[in-house]
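Chemist: Below: one structure in structure tokens.
No value in this document is a laboratory result; all are computed from the given coordinates. Everything numeric in this text was worked out from a predicted model, so none of it was measured. Backbone-built Cβ (ideal geometry, glycine too); neighbour counts: all protein chains shown.
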């Protein structure tokens, strides 16, 4: 018996190929289905499987006929019969598809997923989806859809370090928040420490210089 949740994991593994083929209307319809699936997954297995089946049907109906038929035939294979509540396909999960479609978060799968989890494990401030946030701040979205602002960005309470805003602007944190977060939270050979550890230590000029050099902005005003 085909497991619709396993099929969603399979779609996630092939999303770079499937996404350009998917009808825009089907993509729009898929977003709320996956958002609801993510909400009930782990809490109500029956509802999760029903929503997964709806999501599968939405994807198949929104693809060209030949691609949809190929996937339907492929679905009959034993690799999509995994009965576990969180099946994996080539290291991808249904939660990865939610991240890709609902949040447009590329940090999924066996290579980027562990980096995502490492960055999400850092202390953070959780903000509601409706709250406006300075685009110069790093905002990370977890598998649960909640927005997290890594706590290193704040000098006191929710007052951001001025240099953090400047560095994030140089690193284009609005377009690549995961890359900016990884720069801040990973060891840097130039500093012998993660850049976030140098905040408040009189190293602002070095931090900004390194970020601008990485972004190819050194020498610009």
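Chemist: Using the alpha-carbon atoms, what tilt in degrees (0 to 90, nearest 10) does helix 24-40 show relative to the longest principal axis of the chain?
Modeler: 80
Chemist: Points 7 angstrom from Cα along the Cβ direction at residue 86 and residue 28: gap in nanometres?
Modeler: 3.4
Chemist: Could you work out how far helix 204-214 tilts from the main Cα principal axis of the chain, as a 0 to 90 degree angle to the nearest 10?
Modeler: Here the helix axis deviates by roughly 50 degrees.
Chemist: Provide 129, 5, 108 in ascending order of the number of other Cβ atoms located within 10 Å of each residue's Cβ, fewest first.
Modeler: Values: 129 8, 5 29, 108 23.
Least crowded to most crowded, the residues run 129, 108, 5.
Chemist: Where the centre of each part is set by its Cα atoms, how far does segment 172-216 sit from segment 87-121, in angstrom?
Modeler: If we compute the Cα centre of each part, the gap is 24 Å.
Chemist: Still on this model: Any chance you could tell me what percent of the C-alpha pair distances in segment 4-102 go past 18 Å? All intermediate terms of the calculation are to be shown ahead of the outcome.
Modeler: Numbers: 1849 of 4851 pairs.
The proportion of pairs with Cα distances above 18 Å equals 38 percent.
Chemist: Suppose only helical runs count, i.e. DSSP H with n ≥ 4. What mean residue ellipticity at 222 nm does that imply for the chain under -39500 (n - 2.57) per run, divided by all residues and rounded to the nearest 500 deg cm²/dmol?
Modeler: Per the formula, -15000 deg cm²/dmol.
Chemist: Between residue 130 and residue 50, what length comes free when the chain is fully extended (0.36 nm per residue of separation minus the Cα-Cα distance, one decimal in nm)? Intermediate results must be reported in sequence, preceding the final value.
Modeler: Working: separation 80, 0.36 × 80 = 28.80 nm, distance 2.81 nm.
Stretched out fully, the residue 130 to residue 50 stretch lengthens by 26.0 nm.
Chemist: Shifting gears a bit: Return the label of the correct value of Kirkwood radius over Cα pairs in Å, as calculated from the structure shown, out of (1) 19.2; (2) 19.7; (3) 20.3.
Modeler: Working out Kirkwood radius over Cα pairs in Å from the coordinates points to (1).
Chemist: Could you work out the relative contact order of segment 114-214, using alpha carbon pairs under 8 angstrom and six or more residues apart, expressed as a whole percent?
Modeler: Details: 121 pairs, mean separation 24.6, N = 101.
It comes to 24 percent, rounded to a whole number.
Chemist: Using Cα atoms only, what is the angle between the long axis of helix 45-62 and the major principal axis of the chain, expressed in degrees (0 to 90) to the nearest 10?
Modeler: Between the helix axis and the principal axis of the chain, the angle is about 90 degrees.
Chemist: May I pose another question? What FRET efficiency would be calculated for the residue pair residue 194, residue 144, taking the C-beta separation as r and a Förster radius of 25 Å, to the nearest 0.05? Walk me through the numbers on the way to the answer.
Modeler: Working: r = 25 Å, r/R0 = 1.02.
For residue 194 and residue 144, the calculated efficiency is 0.45.
Chemist: Run the simple label-point estimate for residue 172 and residue 65 please: 7 Å along Cα→C-beta, distance reported in nm.
Modeler: 4.1
Chemist: Here is a follow-up. What spacing in nm lies between the two simple spin-label points modelled at residue 215 and residue 115, each 7 Å away from Cα in the Cβ direction?
Modeler: Roughly 1.8 nm, to one decimal.
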